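Below: one structure, written as structure tokens.
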Amino acid sequence: MSELRFDDVSVRYGNRRHGLTAVDGVSLTVPSGAVVGLVGESGSGKSTLARTAVGLSPVTSGRVLLDGTDIGRLPRGRRPIQMVFQDPYSSLDPRMTIGDSIAEAFPRGAHRGRSARRGEVGRLLELVNLDPDRAEVLPRQLSGGQRQRVALARALAGQPDVVIADEITSALDVSVQGAVLNLVRDVQRQLGLSMLFISHNLAVVRYLSDFVAVMYLGRIVEAGPTDRVLADPQHPYTRDLLGAAPARHEPVAAVGPESVADVEPPDPHDPPHGCRYHPRCPVGPLVVAGRDVCTTDDPSVGADQRPHDAACHFPLGKSPVPPITDLSGRPTPVG
């Protein structure tokens, strides 16, 4: 088990005049042996942040640390951080058998000899509830859920301390999502892995995660233990995400005019000054008089002094939140 920490990480593409800051000064810790759920809208920077940990997105500033060591200084030959991607088909070479794809991820020098490699491939396939005989088939001969299991086995073949799962169920049929999530939870607990689990589905995050971080327009706006954040959200954006989550009851009571909350997200090339959520905030300066500070001052300053580190000048108080519907359609209590 290892701790993964993003220390004031920023990722910027393009030049200063026409560039885009996809991740802006994010600090986030995945504790050893814990699952952290990272949620937010598409385009909020979740996947970009995750990709910095495996070297697929360059870090413009800040550091990504594994047990206090910059990942750029880790010894070669083993990759202790592995990633499972959203599309299980594009992440596997269609011309390689799944056994070869899994074996390709073995650390250098591990499992020497054909017999040892074949045995380890079989063990990993059994770990993800697939028949070892499947090692000889091609990805196109498997279902989407089976391919995602192979992708997980391939990530585990690298003997990681940390696994990053990026929307791994969003491309799957609803009928198999629950089975894959149960598998991920069981493997994580069995192996004691640290995990960053990215999703836009709060029911999934509630089911899997010990901690949750909410990301909006490149920044973390709220973070804390999952039960506490979902039971008592402090940031209006978190409240809006909860209101949009499937539930058997009525959505969370609106805290402002619907016309404000439904405004299109700002252009990430030119984010708003002050609180980036203020043009859409149902309790912001466009709705409540005397809150002009939201348009001028960065709410992340002093966030560590607020509940859930909420990046909000006027954090919300406790209010009733209906249960989020779980994967079987039953309401899941959030308190």
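The values are calculated or read from the model by the stated rules, or taken from the named source; none is laboratory data. Bear in mind the structure is a predicted one, so any value in this text is a computation, not a measurement. Every residue, glycine as well, gets a Cβ built from its backbone with ideal geometry; the counts of neighbours run over all protein chains shown.
One residue is enough: does segment 205-212 have a residue meeting the conditions in a helix (DSSP H, G or I) and within 18 Å of residue 45 (Cβ to Cβ)? Among the residues of segment 205-212, at least one is in a helix (DSSP H, G or I) and within 18 Å of residue 45 (Cβ to Cβ), which makes the answer yes. Taking the condition in a loop (DSSP other than H, G, I, E, B), touching a residue at least 24 places away in the same chain (Cβ under 8 Å) and in contact with a Leu (Cβ under 8 Å, 6 or more places away or on another chain), does residue 160 pass? Yes; evaluated as a whole, the condition is true for this residue.
Check segment 189-204 and report whether any residue there is within 18 Å of residue 2 (Cβ to Cβ), out of contact with any helix residue (DSSP H, G or I) (no Cβ under 7 Å at 6 or more places or on another chain), of a type in the set (D, E, K, R) and assigned by TED's automatic domain parsing to the domain that holds residue 127.
From segment 189-204, those within 18 Å of residue 2 (Cβ to Cβ) are 189-197; that's our starting set.
Adding the requirement that they be out of contact with any helix residue (DSSP H, G or I) (no Cβ under 7 Å at 6 or more places or on another chain) leaves 189-194.
Checking the rest, the ones that are also of a type in the set (D, E, K, R) come to 189.
Now restrict to residues that are assigned by TED's automatic domain parsing to the domain that holds residue 127: 189.
Yes, some residue in segment 189-204 is within 18 Å of residue 2 (Cβ to Cβ), out of contact with any helix residue (DSSP H, G or I) (no Cβ under 7 Å at 6 or more places or on another chain), of a type in the set (D, E, K, R) and assigned by TED's automatic domain parsing to the domain that holds residue 127.
In this structure, residue 171 qualifies as within 29 Å of residue 209 (Cα to Cα), touching an Asp or Glu at 6+ places or on another chain (Cβ under 6 Å) and in the same structural domain as residue 209 (by TED's automatic domain parsing).
Yes/no per residue for (1) modelled with pLDDT under 90; (2) more than 26 Å from the chain's Cα centre (by Cα):
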site	(1), (2)
285	no, yes
300	no, no
312	no, no
324	yes, no
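Checking each residue in segment 275-308 for being within 23 Å of residue 229 (Cβ to Cβ), small (Gly, Ala, Ser) and assigned to a loop (DSSP other than H, G, I, E, B) picks out 284, 300, 302.
Cβ separations smaller than 6 Å between residues 6+ apart or across chains give no pair from segment 183-196 residues that are closer than 13 Å to residue 129 by Cα to residues that are of a type in the set (Gly, Ala, Ser) and surrounded by fewer than 22 Cβ atoms within 10 Å (Cβ to Cβ). Could you list, in sequence order, all residues of segment 207-235 that are surrounded by 24 or more Cβ atoms within 10 Å (Cβ to Cβ), over 14 Å from the mean Cα position of the chain (by Cα) and farther than 20 Å from residue 24 by Cα? 229, 230, 233, 234 - these are the residues of segment 207-235 that are surrounded by 24 or more Cβ atoms within 10 Å (Cβ to Cβ), over 14 Å from the mean Cα position of the chain (by Cα) and farther than 20 Å from residue 24 by Cα. Taking segment 243-272 as the range and being in a helix (DSSP H, G or I), under 21 Å from residue 294 (Cβ atoms) and at pLDDT 65 or above as the test, only 243 passes. Within the bounds of segment 165-172, is there any residue that is part of a helix (DSSP H, G or I) and more than 22 Å from residue 79 (Cβ to Cβ)? Within segment 165-172 (the criterion being part of a helix (DSSP H, G or I) and more than 22 Å from residue 79 (Cβ to Cβ)), the answer is no, since none of the residues qualifies.
Taken over segment 97-109, the criterion of being more than 26 Å from the chain's Cα centre (by Cα) and surrounded by fewer than 15 Cβ atoms within 10 Å (Cβ to Cβ) is satisfied by 108, 109.
How many of the residues in segment 121-156 are under 22 Å from residue 36 (Cα atoms) and not in a loop (DSSP other than H, G, I, E, B)?
Start the filter on segment 121-156 by keeping residues that are under 22 Å from residue 36 (Cα atoms), which leaves 128, 148-149, 151-156.
Still in the list and also not in a loop (DSSP other than H, G, I, E, B): 148-149, 151-156.
Adding up the residues that qualify gives 8.
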